Amino acid sequence: MPDCCEDKACAIEALRERQSATLKTVLGINAVMFVVVLTAGIVAESTALLSDSLDNLGDALTYGLSLYAVSRGARSKARVALFKGALILGAGLFVLGQVLYKIIVPAVPVFETMGAVGILALIANGICLALLWKHRREDINMSSVWECSRNDIASNIAVMGAAAGVWLTQAGWPDLVVGFALACVFLRSAIRVLRGAMAELKETAEGARAADAAGAPLSLSDNSKADLIRLAATKKP
C-alpha cells in the first residue's frame with residue numbers, strides 16, 4: 001500500500017494544514033496588536049498610529065478570511081482575495097480621510113508613544129512576515145496574505161520615521177505626511193491584489209470550461225488540481 005504522503009489528495013491536505021497553522025498564529029498576533037496600536041494612536045493623537053492599527057485590524061480580518069479559504073478551491077480563494085483587496089482599498093481611503101481631518105483640526109502627536117509602539121509593532125510584524133515567507137508563492141490566497149504582511153513592515157518603519165519627524169520639528173505635519181504615504185501604499189497594494197484575484201478568477205473559469213468541453217474524467221476537482229499544480233511549483237528548486 002502506498003504511503004499517504006505519496007497520494008495527491010493527501011499532499012494537498014498536508015499543504016492546507018500547514019497554511020492553517022501559520023494563519024492562526026499571525027491572526028492572533030495581529031488581533032492583539034490592533035488593540036495595542038489603536039489605544040496608543042488615540043492616546044498619542046497620531047494619524048500614523050491610527051492608520052497602523054487599522055492595518056492590523058484589516059490583517060486580522062484578512063487572515064480569518066484566509067483560514068476560510070485554505071480548505072476551499074482556487075476559485076473560492078480568488079474570491080476571498082477580491083474581498084481582501086477591497087479591505088485594503090477601504091483602509092487606504094479611511095487614512096486619506098484622517099489626513100484631511102488633521103489638516104482641518106491640527107494637533108501635535110506624542111512622539112514618545114509613536115516611537116515605542118512603532119518598534120513593538122515592527123517586531124510583531126517581523127515575526128508574522130518570517131512565518132508567512134514559505135507560503136508566499138503557494139496560491140493567490142497566501143500570496144495576498146504575504147502582500148498584507150509586507151505592507152505592515154513598511155507601515156511600522158514609516159510610523160517610527162514620523163515619530164522622529166515630530167520630535168525634530170515639534171509639529172504634526174510629519175505625522176500627516178506619513179499617514180498620506182501609508183494611504184498610497186494601501187491603495188497600490190489593493191490594486192495589485194485585486195488584479196491578481198481577477199486574473200485568477202478568469203484562469204479558473206477558462207480551465208473549467210476547457211475541461212467541460214473536453215469531457216475528460218477528473219479524479220480530483222478542478223480546484224484541487226489547481227492547488228496540486230501550485231504545490232508542485234513550490235517544491236521546484
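The values are calculated or read from the model by the stated rules, or taken from the named source; none is laboratory data. It should be emphasised that the depicted structure is a prediction, and the values quoted were computed from it without experimental measurement. Ideal geometry is used to build each Cβ from the backbone, glycine not excepted, and the neighbour counts take in all protein chains shown. Keep in mind that these areas ignore ligands, DNA and RNA; they rest on the heavy atoms of the full protein, side chains included. Shrake-Rupley method; radii C 1.70, N 1.55, O 1.52, S 1.80 Å.
What the table below lists for this structure:
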read-out: Answer from 186, 180 - the residue that is within 21 Å of residue 100 (Cα to Cα) and within 12 Å of the chain's Cα centre (by Cα); value: 186
read-out: Selection within region 108-125 - under 13 Å from residue 160 (Cβ atoms) and among the small types (Gly, Ala, Ser); value: 115, 116, 118, 121
read-out: Selection status of residue 204, open to solvent by 10 Å² or more (accessible area, probe 1.4 Å), more than 17 Å from residue 56 (Cα to Cα), out of contact with any helix residue (DSSP H, G or I) (no Cβ under 9 Å at 6 or more places or on another chain) and modelled with pLDDT of 70 or more; value: no
read-out: Close pairs (9 angstrom Cβ cut-off, 6 or more residues apart or separate chains): closer than 10 Å to residue 155 by Cα in region 44-57, not in a helix (DSSP H, G or I) anywhere; value: 48/109; 49/109; 52/46
